[in-house]
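What follows is a set of notes on a single structure, which appears directly below.
Just so you know, all these numbers are worked out from the coordinates, no wet-lab data involved. What you are looking at is a predicted structure, and each value in this text was computed from that prediction instead of being measured. Every residue, glycine among them, receives a Cβ derived from its backbone with ideal geometry; neighbour counts consider all protein chains shown.
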Amino acid sequence: MFVPCLEMESFPDADILLFALAVLSLIIIFCTRNLIISGRCTLCLAPADKKSKVERFPPGPWSWPIIGNMHLLANLPHQVIRDLSRQYGPIIGLRLGQQPAIAVCSPSLAKEVLMTHDSVFGNRPAFKIYDNLLYPGDSGIIFTTLSREWRAHRKLCVMSLMTPKCLQRMEYIRLEEVSNLLGAVYAESEQGVQAINIGTCVARTSARLLMRLVQSEACFSPGGEDLPQLIRLIEQEAASPGIGDLIPALSWLDLWRTRRVRAIRNRFDVVLSSIIANRMNSMAENSQASYDDLLQSLLPRLVQPNGTTQASVSEEPLTMDEIKGTIMELLGAGVHTTALTVEWGIAELLKNPKCLMRLRQEMEDVVGEKKGQLIVEADVKKLRYLTCVIKEVARLHPAAPLLIPRMSSQECEVGGYKIPSKTLTFVNVWAIGRDESIWENALEFRPERFEGKETDMVGHHYEILPFGAGRRICPGLPLAVSMLGLTLANLIHCFDLQLPHGQSSDTMNMEERKGVTSNKAVPTAIVPKPRFPMDFLYPTSA
Ligand code: HEM
């Protein structure tokens, strides 16, 4: 998933830069102390005491001149923001370089941002670095401004892939890819591989699945590129705005990065161009051929060099950049989010053997007779405890702990504070999911807490928002939920999952790795023991 935030690791010699900026800051602080604008100090954005709350920016830590609070968010920003909220309250004001920012850490404030002021906070930050990383203009979904184009791209994806009818029709694709995953895990266990990195295996499954939905052919290494790895690169770059996006005077420092970022996009472009060229060739050879995939919906709308298109008057015509941008962002959003949620799920079950036993018992009771068969979606629907397990994983380990940041498009009021236009806005769903005042024993993995409750993850209950909410809610939600259920259910059904030799559930490392998506610091390794012969699996394809 492309989650822009403030990772400093890709800045040039970040330590030197920060040191230089800190020294410069000390000089400037004496020159600018008396600059007060709109009741707020230009340096720290601290509220002037005499102003009423509604006229003030939310409270937050003192910010350095020039860099503001950038240094604070360099590592695991969602954790830092949670800690700050304990000091300053559930809405925190920050300044990142010259960019004002807020972070909200309570369900009621999340609701204000994502629902009450949905249209004000409906845009994403338009960082300049994206001009080179992504396709130019409003060509995709994630970073496209709320516009006719955004609506058209999003609608095309939803209507082609995510409606209940499409999902039902395409269940066989998900089952084939889950079967492929089981086959790969089985093959490795047969070869005596000591421990399997389950996150990597599931990321490949997600990449293959999404490629099939896009172009009808499963593939995770198109043109020799390892798709999950390439997406990871884009994710990392998207996670850190250019320094010029936050401190415009230093935008020259981004020049070196621009080249690197463009090279990554070019690599992705080679993959997408070849997929599209293949399809166009097939269509040229057989004009009657029809495919049940996203390209089939996108390509007929392509505007030809002479300005014509096969799109009807009511259909939005698309440029080649829009077609590529939409596919790129869909792949980027879907591959690692699903994989890391499964990985955390397996890790939590191994760490909490009682929950694993309860899940296994449920599976024995509900689908016990299916030994030697795949668990299908109709089975998953009956597995209530599994649904609770998935919610509990999403509560503790939302794939995007700060969602994908928003940018306010006009001044408005949140939590009684004045939020100016163009304020970068984070909703800390990770902190909300771990808030002791909302959840009993919040840090414990206890799927039972959801039993008999109606709490869902689809943006109605603001205490658990792994997919966001409002008009920008994840459009891949139904596909993701289906894949999470199928993957976890089949892995547990087909294998006894054990920890590698020398590891125990008590000592398992459950820390997060630096970054803005919730990756595990130490990948989850499993030793799978097949529970029955696996001859029922579909024949695997490369
Ligand atoms: C467990 C899996 C997933 C999780 C946890 C997840 C989570 C999210 C979150 C938190 C957002 C931002 C929502 C907001 O700003 O309110 C988002 C947006 C998005 N997701 Fe997902 N996602 C997952 C899987 C997928 C899949 C499988 C796809 C597509 C195949 C997908 C496509 C997208 C797109 C296109 C957006 C941008 C929507 C927009 O800006 O209008 N996601 N996702």
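Which of the peptides 528-535, 382-389, 458-465 is most tightly packed, and how do the rest follow, judged by the mean count of other Cβ atoms within 10 Å per residue?
My ranking of the peptides, most packed first, is 382-389, 458-465, 528-535.
Rg/Rh for the chain: what does it come to with C-alpha atoms and Rh from Kirkwood?
That ratio is 0.98, to two decimals.
Calculate, in nm to one decimal, what S119 and Q87 gain on full extension: separation in residues at 0.36 nm each, minus their alpha carbon distance.
Working: separation 32, 0.36 × 32 = 11.52 nm, distance 2.97 nm.
That works out to 8.5 nm of additional length.
What net charge is computed for the residues neighbouring L181, neighbours being all others with C-beta under 12 Å from the C-beta of L181, Lys and Arg scored +1, Asp and Glu -1?
Numbers: positive: R174, R204, R208; negative: E176, E177, E188.
Local net charge: 0.
With the dipole of the chain worked out from charges on the C-beta (+1 for Lys and Arg, -1 for Asp and Glu) around the Cα centre, which of L175, N352, C494 lies farthest toward the positive end?
N352
Over the Cα atoms of region 229-293, what is the Rg over Rh ratio if Rh follows Kirkwood?
Rounded to two decimals, Rg over Rh is 1.24.
Would you list which lysines come within 19 Å of K371, measuring only between C-alpha atoms, while excluding same-chain residues fewer than 8 positions from it?
Result set, ordered by chain and number: K381, K382, K529.
For the peptides 404-417, 175-188, what is the packing order when you average, over each peptide's residues, the other Cβ atoms within 10 Å and list the highest mean first? Could you put the intermediate results ahead of the total?
Values: 404-417: 18.3, 175-188: 20.2.
Ranked by mean Cβ neighbours within 10 Å, highest first: 175-188, 404-417.
Can you tell me the dipole magnitude for the chain around its Cα centre, using point charges on the Cβ only (Lys, Arg +1; Asp, Glu -1), in Debye to the nearest 20? Could the numbers behind the result be given before it?
Values: 57 positive and 58 negative charges, 230 e Å.
Its charge dipole is roughly 1100 debye.
Taking the Cα centre of region 14-530 as the origin and placing charges on Cβ (Lys, Arg +1; Asp, Glu -1), which of P222, L156, L255 is farthest toward the positive end of the dipole?
In region 14-530, that residue is L255.
Determine ³J(HN,Hα), in whole Hz, for all residues of region 250-255 in sequence, where each value follows from phi through the Karplus function 6.51 cos²θ - 1.76 cosθ + 1.60 and θ = phi - 60°; x replaces Gly and Pro.
These are the phi-based 3J(HN,Hα) values: 9, 5, 4, 5, 7, 4 Hz.
Could you tell me what fraction of 2.2 N^0.38 Å the Cα radius of gyration of region 211-328 comes to, as a two-decimal ratio?
Taking N as the residue count of region 211-328, the ratio is 1.29.
Might you report the magnitude of the Cβ-based charge dipole of region 70-178 about its Cα centre, with Lys and Arg at +1 and Asp and Glu at -1, to the nearest 20 debye?
On the way: 13 positive and 9 negative charges, 39 e Å.
Once rounded to the nearest 20, the dipole reads 180 debye.
Can you check how the C-alpha radius of gyration of region 175-221 compares to 2.2 N^0.38 Å, as a plain ratio?
Compactness ratio reported: 1.20.
Quote the charge dipole size of region 337-496 about the Cα centre in Debye, to the nearest 20; the model charges only the Cβ of Lys and Arg (+1) and of Asp and Glu (-1). Write out the running numbers ahead of the final one.
On the way: 20 positive and 21 negative charges, 74 e Å.
For this selection, approximately 360 debye.
Just to check I understand the Karplus step: with θ = phi - 60° and J = 6.51 cos²θ - 1.76 cosθ + 1.60, what whole-Hz values come out for region 314-328, glycine and proline as x?
These are the phi-based 3J(HN,Hα) values: 7, 9, 6, x, 10, 7, 4, 4, 5, 5, 5, x, 5, 5, 4 Hz.
Show me the ranking of peptides 152-159, 201-208, 165-172, 344-351 by mean Cβ neighbours inside 10 Å, starting with the highest.
In decreasing order of mean packing, 152-159, 201-208, 165-172, 344-351 become 201-208, 344-351, 152-159, 165-172.
So how far apart, in nm, are the two label points at Q310 and Q168 if each is 7 Å from Cα heading toward Cβ?
Output for this residue pair reads 2.8 nm.
So what's the back-of-envelope 222 nm ellipticity for the chain, counting only DSSP H runs of four-plus at -39500 (n - 2.57) apiece and dividing by all residues, rounded to 500? Numbers along the way, then the final one.
Details: 18 runs with 236 residues, N = 542.
About -14000 deg cm²/dmol.
Tell me, what HN-Hα J-couplings in whole Hz come from the Karplus equation 6.51 cos²θ - 1.76 cosθ + 1.60 at θ = phi - 60° for each residue of region 68-78, using x for Gly and Pro?
Working through the residues one at a time gives x, 9, 3, 4, 5, 9, 5, 10, 6, x, 5 Hz.
DSSP beta bridges in the chain, what fraction antiparallel, as a percent rounded to 5?
Rounded to the nearest five, the antiparallel share is 85 percent.
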